[in-house]
1. Here are the criteria: (1) among the charged types (D, E, K, R); (2) closer than 24 Å to LEU113 by Cβ; (3) at pLDDT 90 or above. Tell me which single one GLU219 does not satisfy.
2. Considering every residue within region 87-96, establish whether at least one is surrounded by 17 or more Cβ atoms within 10 Å (Cβ to Cβ) and closer than 26 Å to LEU229 by Cα.
3. Please go through region 205-233 and give me each residue that is in a loop (DSSP other than H, G, I, E, B), of a type in the set (Phe, Trp, Tyr) and over 20 Å from GLN62 (Cα atoms), ordered by number.
4. For the condition under 26 Å from TYR104 (Cα atoms) and surrounded by 15 or more Cβ atoms within 10 Å (Cβ to Cβ), what is the one hit in MET207, MET153?
5. Test of understanding: among ALA21, ALA33, which residue is within 25 Å of the chain's Cα centre (by Cα), among the small types (Gly, Ala, Ser), over 30 Å from PRO187 (Cα atoms) and modelled with pLDDT under 85?
6. Please identify the pairs in which a residue from region 127-139 that is in contact (Cβ under 8 Å) with a residue 24 or more places away in the chain has its Cβ atom under 8 Å from the Cβ atom of a residue that is polar (S, T, N, Q) and in a loop (DSSP other than H, G, I, E, B), counting only partners at least 6 apart or on another chain.
7. Inspect region 74-82 for any residue being within 26 Å of LEU155 (Cβ to Cβ), buried (at least 17 other Cβ atoms within 10 Å of the Cβ) and not hydrophobic (A, V, I, L, M, F, W, C) and give the result as yes or no.
Amino acid sequence: MTQSKSIPELTERICGSCAMANIQIRKYRDEDAEIVKELFTLGMSEHVPSSFTHILKRPLTQMLLMCTFCALITSSKSFLLPVLAVTLLLAGFRQMVIYMFNKYIETSLSKDLNNISETYLQQKDSCFWVAESDGRVVGTVACLPAESAPEFMELKRMSVRRSHRGMGIAKALCRIVADFTRERGFPAVILYTSVVQTDAQKLYEHMGYTKTREFVVPELAAKILNFTLFEYRLDLQQNKERD
């Protein structure tokens, strides 16, 4: 690995892009723990409605609902029963989506987000940053060597408070991870995002990331709902040559 620059140097350089919005990006401190967990939980919970809509658009879901409705209205000669059955199925699908996200949130809060300093600040080649506006934490991002591909750095825990989106904070957080990765001598950054996170996909593609693969989340509920994840990669050498 090449000799890296200090975190303060990187932060100072990146913060310039957010100066107009009075945003400062700094390393995580232990007193940020609760607000970081809140931002993560709120950000993940935002995807429940879009995930539910995604499930409803699937042909298999529509076929199941239609077959259930037609079968019951034919056999019962009643309109109320099939409507009730379809309503219960929809409620069941929504609860499955909520369960899937709540399980992911719970797992994350009990793992790396349970002790951010130990996971990201006391380990080699890893870091966790927060974006601060008027003394209030409004964004987060982290990176560390990828578990599945330790030769690459993985961008994780990207989140920006809804009220502060559109100010360039997410782009600045992406840049600080890219610079940190480059300074540490890693050739690329990878990240994972879901099929319903369309705004995130547009952001990453705008920042130079390319989609490298897609796969279904291994959990049973996700398999039933065919909930797909996308892997993106930013090749820093190619990105440097384009610049």
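1. (3)
2. yes
3. If the condition is that a residue be in a loop (DSSP other than H, G, I, E, B), of a type in the set (Phe, Trp, Tyr) and over 20 Å from GLN62 (Cα atoms), then TYR209 is the only one that fits.
4. None of the others qualify; the one that does is MET153.
5. ALA21
6. Partner pairs satisfying both residue conditions: SER133/ASN22; ASP134/ASN22.
7. Among the residues of region 74-82, not one is within 26 Å of LEU155 (Cβ to Cβ), buried (at least 17 other Cβ atoms within 10 Å of the Cβ) and not hydrophobic (A, V, I, L, M, F, W, C), which makes the answer no.
So that you can scan it fast, the table gives a plain yes or no per residue for (1) in contact with a helix residue (DSSP H, G or I) (Cβ under 7 Å, 6 or more places away or on another chain); (2) β-branched (Val, Ile, Thr):
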| site | (1), (2) |
| --- | --- |
| ILE116 | yes, yes |
| GLN123 | no, no |
| TRP129 | yes, no |
| SER133 | yes, no |
| VAL138 | yes, yes |
| VAL141 | yes, yes |
| GLU151 | no, no |
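The values are calculated or read from the model by the stated rules, or taken from the named source; none is laboratory data. Only a predicted model underlies this, so the values are computations on that prediction, with no experimental measurement involved. Every residue, glycine among them, receives a Cβ derived from its backbone with ideal geometry; neighbour counts consider all protein chains shown.
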